[in-house]
Structure formats: C-alpha cells, structure tokens
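Heads up, the thing below is written out as structure tokens.
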Ligand SMILES: [Zn+2]
C-alpha cells in the first residue's frame, strides 16, 4: 500500500471517528431532556397489559396470599387526577424528592407502606432503619414479588431503580450499603408511599 493511500485511509478513519463522536455528543444532548422519565417509560413500553404476580398483605403486615393480577395501566391524565403533582412527578416521571422533605423519613411507627398509586403493599416499618439520608429506608421489601428492580443509568450513575410491580410506579433506588441482615438499602421517596398505621 502506498503512503498516500495510507494517509487517505487514516484521514478517513479520523473523520469517521469524529463524525461518530459528534453524533454521540448530539444524541447525548438530545437524550438528556427526557432521560429522567426513561426508566418509567421503558417499563411502560414493556408493560402492555399483562398479568403479574404479587403477594397480598393486610394492614397489620400479615402475608395473606400470592395472586396473579392484571398490571395497572393508566394514562398520564388519569394518574394526574389521582395524585398530587409531586407524587405524579416521582412515581410516573422517576423524579426524586428533596432529602429530609418527605413525610416518612423520620417516621418510627409500626405499620405498612403501600404504593401511593395502587395500594400494593411494599414495605413494613419492621425493616425500616435510620439511614441518615433523609429518605425512608428499608433493608427489604415486604415481598420480593411486589417490587421490580431495573438497572438505571440516568444522570451518569449506574443504579438500580425500584418500581411497584403492579403499576410500575417509580419508588426509589436500592443500594448495597444497607444494614444486616440483607446489606441492602431501599432508598424510597415518601411521596411514592402511603403509610397505614398498625391499629
Ligand atoms: Zn403501585
């Protein structure tokens, strides 16, 4: 191969690399604005009405039975009617409430935390612990079936997003720096939960 051909090939490769990286940059900018809601949308896209398995609990936190239910699918307009603006942004748009701003991070009563959107039983106060983060934190869900964990790479971080199995509400994230016995920390948004006090 002649030098000139090598040069031409080298230049071509350089240009291709430049174009590819420019495309990535432009694509990245375009993606940025809707990335926040991507977690929820990906789940919704895959969630054409179908059955899911969840475990039912009474308000005292007693496990009742495992059931197959239709996934709850509603339009944004329907969710907006049922939820506060804050709860809508968090559960349907994967937003995060400000630390120490929610109503449950400092709650220490016995009871059950249900999904604000669909009443699915999610966490027990028995697994709640003081994480010091300003978000209600649990070391385990009531039932593994009731929450769905999804890899979330928004905001340049790789995290595991946690959503409600029955309605796909975004709840928060789970990290592996929790206490015994699971070493997990389910870092939830208060606004995604409804606390039912044990009577
Ligand atoms: Zn739900």
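Out of the residues in region 157-179 meeting the condition of being farther than 15 Å from residue 96 by Cβ and either modelled with pLDDT under 95 or more than 15 Å from the ligand (Cβ to nearest atom) (or both), tell me which one is farthest from the chain's Cα centre (by Cα).
Across region 157-179, the extreme among qualifying residues is 179.
Among all residue pairs at least 6 apart or on different chains, which show Cβ distances below 6 Å where the first residue, located in region 111-123, is under 16 Å from residue 74 (Cα atoms) and the second is within 6 Å of the ligand (Cβ to nearest atom)?
115/164; 115/169; 117/167; 117/169; 118/166; 118/167; 120/164; 120/166
Go through 94, 85, 99 for me and flag whichever is more than 13 Å from the ligand (Cβ to nearest atom), over 14 Å from residue 142 (Cα atoms) and without any contact (Cβ under 8 Å) to a residue 24 or more places away in the chain.
Every option except 85 fails the conditions.
I'd like the full set of residues that are part of a loop (DSSP other than H, G, I, E, B) and in contact with a strand residue (DSSP E or B) (Cβ under 6 Å, 6 or more places away or on another chain), limited to region 170-180.
Across region 170-180, the qualifying residues are 177, 178, 179.
Could you say whether any residue in region 181-191 is in a helix (DSSP H, G or I), surrounded by 14 or more Cβ atoms within 10 Å (Cβ to Cβ) and either at negative phi or in contact with a helix residue (DSSP H, G or I) (Cβ under 6 Å, 6 or more places away or on another chain) (or both)?
yes
Inspect all residues belonging to region 54-76 and state whether any of them is part of a helix (DSSP H, G or I) and modelled with pLDDT of 95 or more.
Yes, region 54-76 contains a residue that is part of a helix (DSSP H, G or I) and modelled with pLDDT of 95 or more.
The values are calculated or read from the model by the stated rules, or taken from the named source; none is laboratory data. What you are looking at is a predicted structure, and each value in this text was computed from that prediction instead of being measured. Reconstructed Cβ throughout: ideal geometry from the backbone, glycine too, with neighbour counts over all protein chains shown.
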